[in-house]
Every structure is written in C-alpha cells, then in structure tokens.
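I have placed the structure first, in the form of structure tokens, so that the comments after it can refer back to it.
No value in this document is a laboratory result; all are computed from the given coordinates. As the structure is a computational prediction, the values presented were derived from the model and not from experiment. In this analysis, Cβ positions are derived from the backbone assuming ideal geometry, glycine residues included, and neighbour counts consider all displayed protein chains.
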Amino acid sequence: MTLSTAEAAAGPSRGPVLGLAAQLALLALLGSTLGLTAGALVAGAAYGLVLCALLGAGLGRAGMTQLGAANSVTLSRAILVGGVTAMVVTSFTHPVSTPMLVVIAGVALALDGVDGQVARRTNTTTALGARFDMEIDAFLILVLSVYAGDRYGWWWVAIGAFRYAFVAAAWAWPWLNAALPPRFSRKVVAAVQGVALALVTAGFLPAFGAVVVLALALGSLTWSFGLDVHWLYRAMRVREAARTRWSAVPSRRPALAH
C-alpha cells in the first residue's frame, strides 16, 4: 500500500486524491473478500474522505509542494487504518476475520517508526509530518480500543479516548497546549498501548488475561498523562509567577522633565 516516489512527488493536491483512491480500493477489496457491511464501507469511505481532505488542507497551510516519502509512508498507514475501521464497524453486527484484522492492524502498527526514520534520513522532518503521524496513531488506538470495548467492557475505550479527552480539556484550559519536553517513557507507554490492543484483538489471551493486559495498558497511560498534566500545570504556575513579579517591578524609565 506504500505510495511510489513519483506519486509522493506529485504535489499536495494529487497526493491526497491518490490516497483517497487507494482507500476506496482497499475497502472494495476487503468488502468483496471479507463481506464487510454497507455501514462499515460507508464509515471507511467517510474516514478516507475526511483524512485526505485534512491532509490536503494541512499541506496547503504548510506551503508544501510535495507529499514526500515520509508522509507517503504515513498515508499508507492511514489507509490501512481505514480498513481496520471498516472491519471493526462490521464486527458490531457480523463476524470478521480476526487474522486479517490483526494482520492489517499489525502492519499499520509496525510501520509506526518507519515514517520517522525515513524523514530523518531524507532530512524532511516537518511539523505536519509529526502531527500526521501522531493523529494516525491516536485514531488506530481508538479504533482498536472500541473493538476491545465491545468484547470486554466499554470502559476500555478510555484507552483510545484519553488523547481526545486531553485535546478537549485544552480548549477549556489553554495551558495544556504548551509544549512538553521529550520523555522516553511517553514513547514506551504509547508502544505498550498498541502491543496490548494487538494481543487482545488477536484473541490469544483468555478473557481474564485480556482484561489484565488492558488494565495494565490503561494504568500506564493514566500515569503517563498524569505526569504530563502535572508538568504542564507547574510550568503554567511558574509562568504566572514570573508575570506577577515582572508586573510588580516599577518602571525604570526616567520621568520626563517638565
């Protein structure tokens, strides 16, 4: 599903269009071979349409004239996530092929670090690429957590909803939008979510084991977000204290002579 270099260099307008075409082709293939429901196909197509529209808008705002190799890898992962979405929607009413679901989700998860390596090796690291990669990761985790929630209890959807709840909270408390320092444990916890949900989705574990794995994943995610919120809150208090001290300092400008 990875786009070719020629397609990647075709420009910001053509790249998302090719991505949407690839998404529809994947859905048609899965629909004809796995018997996806009509609602699932509509959900997958809607996902692809929104995805490619947002990507095109992002490329335009960034002034990028090429999609680039790294973003092409991320777009390929995003297309696979569209297939996973359609399969999960189908699973609500009809059985789906668990091996195929695990394979497609597993490839999307395995390619997570590839786009970053490609960007660094080609010296094409961009803010858009980093955001694109993060959003695809977050949505895949959300979809897999919905699949787990349908089988082991809907409160496990909190694993996927955590990030979106954080974004919503930032609308009310803008200090949550401040930049966070790099933290290796944050990357480890993010990887744990994908591994845990992949194991649960594959059905390798008994019900009790699956619940234990999900609990460990959710616990580690809660701890990681808690650390970030605590750091952001302390940083906000430090900034406020600095502004208060600065406003209390009398002006050092000499008074105008009369």
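Where in the chain are the helices, taken as whole DSSP H runs, whose Cα atoms extend 15 angstrom or more along the long axis and whose Kyte-Doolittle mean reaches at least 0.0? Answer set is 14-34, 38-62, 69-91, 98-110, 127-152, 158-172, 184-202, 207-248. Residues 47, 164, arranged from fewest to most other Cβ atoms within 10 angstrom of their Cβ, appear as 164, 47.
A helix-only calculation puts the chain at -26000 deg cm²/dmol for mean residue ellipticity at 222 nm, using -39500 (n - 2.57) for each DSSP H run of at least four residues, averaged over all residues. Where a ≥ b ≥ c are the square roots of the eigenvalues of the C-alpha gyration tensor, would you call the chain rounded, which needs a/c under 1.5, or, failing that, prolate if a/b is larger than b/c, or oblate? In terms of gyration-tensor shape, oblate. Model label points for residue 171 and residue 93, set 7 angstrom from Cα along the Cα-to-Cβ axis, are 3.0 nm apart.
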